[in-house]
Amino acid sequence: MERLAALRQQLQTEEREAILISNPINVRYLSGFTGTAGTLLITEKEAALLTDFRYLEQAAQQAPAYEIVDIAGDTWKQVANILTDTGCKMLAVEADHLTVDIYEKINDALDGITVQPIISPVAQLRAVKSTAEIAAIEAAQKITDEAFTQILPFIKPGIREREIALELEFIMRKKGASGLSFTMIVGSGSRSALPHGVASDKVVAEGDAIVLDFGCIVNGYCSDMTRTVFVGKASDKQRRIYNLVLQAQQAALAGLRAGMNGREGDALARDVLVAAGLGEYFGHGLGHGVGLEIHEAPRLSISSENTLQPKMIVTVEPGVYLPGEFGVRIEDMVVIEEDGIRNLTASTKELICL
Ligand code: ZN
Ligand code: ZN
């Protein structure tokens, strides 16, 4: 299994004897196992999936590359047994997932073995997608694009944000999505200036800007897009801000490529908004990786040193938020390529007045 081999390579480079994978998303990524209770123990030669009675059969089917170990009531005792058998003296654990409580339990159970909390190396592996992963994300985005087209006639004065969110979810689920990739953002009027304003009871009114930020899950993989639309007629100010955000996004889409770091990517859009005097109203990063999780590596932000590589998938989502007035965000999802990007988002970015 390629992913297991890549992780072992990484462990070897860092001179680590064994690693315990407890984050369920990483367990799924490395083994294929989708159950809610599973832990991986990986050494140079061993690959064990420790789970309980409920999942033994499912684990054997989904994770053929792993030896399935019944925890028989005590995961850490089983881990200790395997490590003793293999002669390992050190065990790395995922510091960015494990609770302090579990960390202490592992420490107590592993006599004579040094427990090393490290930032999980799996996040870096997950950042670069396989062809099958890209296909799943594209399938999720296709549903998301279709849902955007279908929701437009539904949006009119008098409707509540919550109703729009519910209808969008219904459309996406009917098209085969297994769920939402995150709690949907539907922010209208002054609520559109809340970067993460989840759908509320607010009634949509004439003249509102509406930020719709949503995505769905297909085969475990997420999609993510944002469009901002206007109800009735957009004011001159709304049009001006919309066009500047779009210009910032287009500058980033034209400039992003492999080899850049996250900070340089972020600057492509930020420079446009700063030049227009709107820098202080763009208070978040330009984008994030998307995969099994809605937010994952790499990051595009003023502090990100992540290097962009071919087959990474990131969002490009500049926004301007004017408190008490309105906000505009436009978000596409793209695949990084050697000399540019491939945009996975097909929805129009023409200014829409409903
Ligand atoms: Zn989004
Ligand atoms: Zn996003």
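Quick notes on this structure:
- The range 128-343: relative contact order as a whole-number percent, Cα under 8 Å and 6+ apart: 22
- For the range 2-126: relative contact order, % (alpha-carbon pairs under 8 angstrom, 6 or more apart): 25
- Inter-part distance, the range 101-124 to the range 218-257, computed on C-alpha centroids, equals 43 Å.
- Prolate/oblate/rounded call for the chain, Cα gyration tensor, a/c under 1.5 rounded: prolate
- Value of [θ]222 nm, deg cm²/dmol, for the chain, DSSP H segments ≥ 4, -39500 (n - 2.57) each, nearest 500: -11000 deg cm²/dmol
- The range 1-92 - percent of accessible surface contributed by carbon and sulfur, probe 1.4 Å: 47
- Compared with the alpha-carbon gap, the fully stretched path from His284 to Glu57 is longer by 77.3 nm at 0.36 nm per residue.
- Listed residues Asp271, Asp96, Asp145, most fluctuating in the chain (Gaussian network, C-alpha, under 10 Å): Asp96
- Mean accessible surface per residue for the chain, computed with a 1.4 Å probe while every protein chain stays in place, in Å²: 44
- Gaussian network model of the chain, Cα within-10 Å springs - most flexible of Thr315, Thr43, Thr131: Thr131
- Simple point charges give the picture: +1 on the Cβ of Lys and Arg, -1 on the Cβ of Asp and Glu, and for the range 128-343 a dipole about the Cα centre of about 420 debye.
- Note on Leu253 and Ala346: their simple-model spin labels are 1.5 nm apart, each label 7 Å out from Cα toward Cβ.
- Pairwise label distance in nanometres, Met1 with Val203, each label 7 Å out on the Cα-Cβ vector: 5.5
- Fluctuation leader among Ala209, Ala135, Ala269 - the chain, Gaussian network, Cα springs under 10 angstrom: Ala135
- Amide H to amide H, with H built 1.01 Å from N, Ala234 comes under 5 Å of no residue 5 or more places away or on another chain.
- Set of lysines near Lys156 by C-alpha distance (under 26 Å), chain-local residues within fewer than 8 positions excluded: Lys142, Lys174, Lys175, Lys202, Lys233, Lys237, Lys349
- Heavy atoms of His97: accessible area, 1.4 Å probe, square angstrom to 10: 70
- Amide H contacts under 5 Å for Gly319, placed H, 5+ residues apart: none
- Using alpha-carbon coordinates, inclination of helix 262-275 to the longest axis of the chain, degrees: 20
- DSSP loop trypsin sites (Lys or Arg not before Pro) with at most 13 other Cβ within 10 Å: longest gap in the chain: 90-232
- For the chain, the longest principal axis of the alpha carbon atoms and the long axis of helix 100-109 meet at an angle near 10°.
- Cβ-derived FRET efficiency at R0 41 Å, Thr13 paired with Lys77, nearest 0.05: 0.85
- Overall form of the range 2-126 per C-alpha gyration tensor (a/c, 1.5; a/b vs b/c): rounded
- A 1.4 Å probe over all protein chains sorts Cys222, Cys353 by accessible area into Cys353, Cys222, starting with the largest.
- With Cα atoms, 0 to 90° folded angle of helix 161-174 axis to the chain main axis: 60
- Inter-centroid distance (Cα atoms) of the range 1-66 relative to the range 277-311, Å: 28
The values are calculated or read from the model by the stated rules, or taken from the named source; none is laboratory data. From a predicted model like this one, the values you see are computed outputs, not experimental measurements. Every residue, glycine as well, gets a Cβ built from its backbone with ideal geometry; the counts of neighbours run over all protein chains shown. In case anyone asks, the SASA skips ligands and DNA or RNA and just uses the protein heavy atoms, side chains included. Shrake-Rupley method; radii C 1.70, N 1.55, O 1.52, S 1.80 Å.
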